[in-house]
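A quick write-up on the structure given underneath.
The values are calculated or read from the model by the stated rules, or taken from the named source; none is laboratory data. What you are looking at is a predicted structure, and each value in this text was computed from that prediction instead of being measured. Cβ placement follows ideal geometry from the backbone for every residue including glycine, while neighbour counts extend to all protein chains displayed. Side chains are part of the model used for accessible areas, which takes the heavy atoms of the whole protein and leaves out ligands, DNA and RNA. Shrake-Rupley method; radii C 1.70, N 1.55, O 1.52, S 1.80 Å.
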Amino acid sequence: MGNTLQAKYGLKRVINASGRMSILGVSAPTDTVMEAMKQGGQSYVEIADLTNKAGDYIAGLIGSEAAVIVNSASSGIALSVAAIVTQGNRRLSERLHQEPIARNEIIILKGHNVQYGAPVETMVYLGGGRLIEVGYANEGKAEHIRDAVNERTAAILYVKSHHAVQKNMISVEEAWAIAKEQGVPLIVDAAAEEDVKKYVTCSDLAIYSGSKAIEGPTSGIVAGKRQYIEWLKVQLHGIGRSMKVGKETSFGLLQALDEYMNKVDKSEQERAALEALLPLGELPGVKVSIVQDEAGRAIFRGRIHIDPDAAPMNAKQLAEALQQGDIAVYTRDYGVRQGFFDIDPRPLLGDDMDVIVAQIQHLLGGK
């Protein structure tokens, strides 16, 4: 069905070897998730009731006081900030950016103000916050946060992501200890994290993508303290109106989360599947290795390192050539300027791995 629809609208076949990436549609939900979306979409519900009941169901699964479904982790940042700076005041929420808010500073480690497809700071300002960067790009200490807290501080934002600087940064648990010590709410952006139960234990609000690790439809979850979640729900009638969630998305996410909570760890099978890449190491200038995710998650990827002096092109040129083929192959290309790119096995379908190997061999003159 997918290939038929792609052809109908003139779209190329895409092989996603980059991971749960928004530019490629993030993930491919299961048949049972799609069926839940179909059933939910083809019926009527009271949306306010669905918002409350779905949130309580999710909270029960992941162990938080409360939760709410939002349309993406990005909107989760904006809505969480808006909730905390307005404290649920309806007038301030409806007149966000029009009425002055004295306590609107959001403290973030400099190494966490990243570009993930949009800048983190854009979402903070959309939510009516004013970002205060602390620390340095290669150093984020407890005292950097502590020294920045003042009467205008609304919250601390901690970004747990492979995009963020990992080196020399305090842990989320340390940030949580500072937040409690200073009496300031902690928001944790854990969009792509796999342990959805962990981050609600060390934050006031934790934000997850519904479509990355959980593999549901495009959506997000904000979970945490009930007071803050109730404040966030007020935003659904303010800036959140432009970020609303369809009923079909809510039902699909609930089904995906049910499946995710009973998911079998496939990391070893995924690691084994990467061995199909090893023959590429026989090509001139190519070195293949298997590496673990830089943020410490149980995710393994194949790393293709290119020596441009021995191969006909460098890593950046090869990654671009793979994208531009008749079948577009998207690799995880954060390291191309360092001479490598990665193959993420998790999103691969059918014969994708065979096509990747054949394309690389063809482009490098191996076949």
Does residue 167 meet the test of being basic (Lys, Arg), over 18 Å from residue 106 (Cβ atoms) and open to solvent by 40 Å² or more (accessible area, probe 1.4 Å)? yes
Within region 55-73, can you find the residues that are part of a helix (DSSP H, G or I) and in contact (Cβ under 8 Å) with a residue 24 or more places away in the chain? 55, 57, 58, 59, 61, 62, 73
Selection from region 112-133 of residues in a helix (DSSP H, G or I) and farther than 20 Å from residue 95 by Cβ yields 112, 120, 121, 122
Considering every residue within region 321-333, establish whether at least one is more than 27 Å from residue 29 (Cβ to Cβ), part of a helix (DSSP H, G or I) and at pLDDT 90 or above. yes
Unmet criterion (only one of (1) under 30 Å from residue 169 (Cβ atoms); (2) open to solvent by 60 Å² or more (accessible area, probe 1.4 Å); (3) modelled with pLDDT of 90 or more; (4) part of a helix (DSSP H, G or I)) for residue 303: (4)
Those residues that are over 19 Å from residue 81 (Cβ atoms), open to solvent by 20 Å² or more (accessible area, probe 1.4 Å) and among the hydrophobic types (A, V, I, L, M, F, W, C), I need them from region 181-240; list them, please. 192
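One residue is enough: does region 108-122 have a residue meeting the conditions exposed (fewer than 15 other Cβ atoms within 10 Å of the Cβ) and either without any contact (Cβ under 8 Å) to a residue 24 or more places away in the chain or over 18 Å from the mean Cα position of the chain (by Cα) (or both)? Explain how you work it out, then say what you get.
Within region 108-122, the first condition is being exposed (fewer than 15 other Cβ atoms within 10 Å of the Cβ), and the residues that meet it are 115, 117-119, 122.
The next check asks that each one be either without any contact (Cβ under 8 Å) to a residue 24 or more places away in the chain or over 18 Å from the mean Cα position of the chain (by Cα) (or both); those that pass are 119, 122.
There is at least one residue in region 108-122 that is exposed (fewer than 15 other Cβ atoms within 10 Å of the Cβ) and either without any contact (Cβ under 8 Å) to a residue 24 or more places away in the chain or over 18 Å from the mean Cα position of the chain (by Cα) (or both).
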Within region 259-271, restricting to residues that are open to solvent by 50 Å² or more (accessible area, probe 1.4 Å) and under 19 Å from the mean Cα position of the chain (by Cα), the one that is nearest to residue 303 (Cα to Cα) is 263
Taking the residues in region 50-87 that are over 20 Å from the mean Cα position of the chain (by Cα) and polar (S, T, N, Q) as candidates, determine which candidate is least open to solvent (accessible area, probe 1.4 Å). 86
Those residues that are assigned to a helix (DSSP H, G or I) and farther than 27 Å from residue 20 by Cβ, I need them from region 134-173; list them, please. 142, 143, 144, 145, 146, 147, 148
Failed condition for residue 287, given (1) open to solvent by 30 Å² or more (accessible area, probe 1.4 Å); (2) closer than 27 Å to residue 314 by Cα; (3) at pLDDT 90 or above; (4) within 22 Å of the chain's Cα centre (by Cα), with all others met? (4)
Kindly provide the set of residues from region 28-49 that are assigned to a helix (DSSP H, G or I) and open to solvent by less than 100 Å² (accessible area, probe 1.4 Å), ordered by number. 32, 33, 34, 35, 36, 37, 40, 41, 47, 48, 49
Scope region 90-100; condition touching a residue at least 40 places away in the same chain (Cβ under 8 Å) and either crowded, with 22+ Cβ neighbours inside 10 Å or part of a loop (DSSP other than H, G, I, E, B) (or both); matching residues: 93, 96
